[in-house]
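Trainee: For reference, the structure I am asking about is given below.
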Amino acid sequence: IQQALSQCGLPAAAVQAIESPDRELVNQLLKLDRYVDMLIPRGGAGLHKLCREQSTIPVITGGIGVCHIYADDSVDFDKALTVIESAKVQRPSACNSLETLLVNQHIADRFLPELSKKMAAAGVTLHASPSAMLYLTGGPASVVAVEEANYNDEWLSNDLNVTLVDSLDAAVAHIREHGTQHSDAILTRSLSNAERFVREVDSSA
């Protein structure tokens, strides 16, 4: 970005990045109200709380990210499992990390055992609905019963809710009830289902 600014005759230092992950630098930044007009933190609930409580600069924070993926009955299993693993374990503490996986019930008997293997290897604990538990019990992944309140949780950890739905309509209804309009996705080979999901799920990403 700085190179592009220079090429356009603009000050390269107009855009800067703090490259160190040291949280103490964040604490210092929060006190620089003489130089910084506004903060918009990007991160999990802990970072938002820190900024609200410690900053002398005005702060705009978003809500939490209870993010969903819906795997429909046309999904490519291998591709879906790769996406799900990445969405959950790449950075579990991020606000766009996957929290709830919705699986079409027509593929559950084949898909969930494969999911169990993938999540076991990644160290993810599955919080399963009664219907999903039927296909996950006895598998390699750690599985516990999901509680209704868990569907509203931003885990920020290697925990994943798993439940079955019978249709795209049911998936959309679940996301509307429990989602935070942050980041939600459909895994499908159906263009019409993908287009419907994008139209009907009101999420930022």
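Trainee: Residues in the stretch 158-194 that are modelled with pLDDT under 95 and of a type in the set (S, T, N, Q): how many?
Mentor: Matching residues across the stretch 158-194 total 3.
Trainee: Just to check your reading of the model, which residue among THR82, THR100 is within 27 Å of GLU195 (Cα to Cα), β-branched (Val, Ile, Thr) and either in the same structural domain as LEU47 (by TED's automatic domain parsing) or in a strand (DSSP E or B) (or both)?
Mentor: Values: THR82 fails: either in the same structural domain as LEU47 (by TED's automatic domain parsing) or in a strand (DSSP E or B) (or both).
Result of the check over THR82, THR100: THR100.
Trainee: Taking the options GLY62, GLY9, name whichever one is surrounded by fewer than 16 Cβ atoms within 10 Å (Cβ to Cβ), in contact (Cβ under 8 Å) with a residue 60 or more places away in the chain and not aliphatic (A, V, I, L, M).
Mentor: Working: GLY9 fails: in contact (Cβ under 8 Å) with a residue 60 or more places away in the chain.
Of the residues listed, the single one that is surrounded by fewer than 16 Cβ atoms within 10 Å (Cβ to Cβ), in contact (Cβ under 8 Å) with a residue 60 or more places away in the chain and not aliphatic (A, V, I, L, M) is GLY62.
Trainee: Within the stretch 147-163, how many residues are surrounded by fewer than 21 Cβ atoms within 10 Å (Cβ to Cβ) and not charged (D, E, K, R)? Before you say what the answer is, go through the steps one by one.
Mentor: Step one: list which residues in the stretch 147-163 are surrounded by fewer than 21 Cβ atoms within 10 Å (Cβ to Cβ), which gives 147-159.
From what's left, not charged (D, E, K, R): 149-152, 155-158.
Within the stretch 147-163, residues that are surrounded by fewer than 21 Cβ atoms within 10 Å (Cβ to Cβ) and not charged (D, E, K, R) number 8.
Trainee: Taking the stretch 108-167, which residues are in contact (Cβ under 8 Å) with a residue 40 or more places away in the chain, part of a loop (DSSP other than H, G, I, E, B) and either over 16 Å from the mean Cα position of the chain (by Cα) or not assigned by TED's automatic domain parsing to the domain that holds ALA71 (or both)?
Mentor: If the condition is that a residue be in contact (Cβ under 8 Å) with a residue 40 or more places away in the chain, part of a loop (DSSP other than H, G, I, E, B) and either over 16 Å from the mean Cα position of the chain (by Cα) or not assigned by TED's automatic domain parsing to the domain that holds ALA71 (or both), then ASP166, SER167 are the ones that fit.
Trainee: In this structure, does ALA94 turn out to be among the small types (Gly, Ala, Ser), out of contact with any helix residue (DSSP H, G or I) (no Cβ under 6 Å at 6 or more places or on another chain) and not assigned by TED's automatic domain parsing to the domain that holds TYR135?
Mentor: no
The values are calculated or read from the model by the stated rules, or taken from the named source; none is laboratory data. All of these numbers come straight from a predicted model, not from anything done at the bench. Note: ideal-geometry Cβ built from the backbone for every residue, glycine included; neighbour counts use all protein chains shown.
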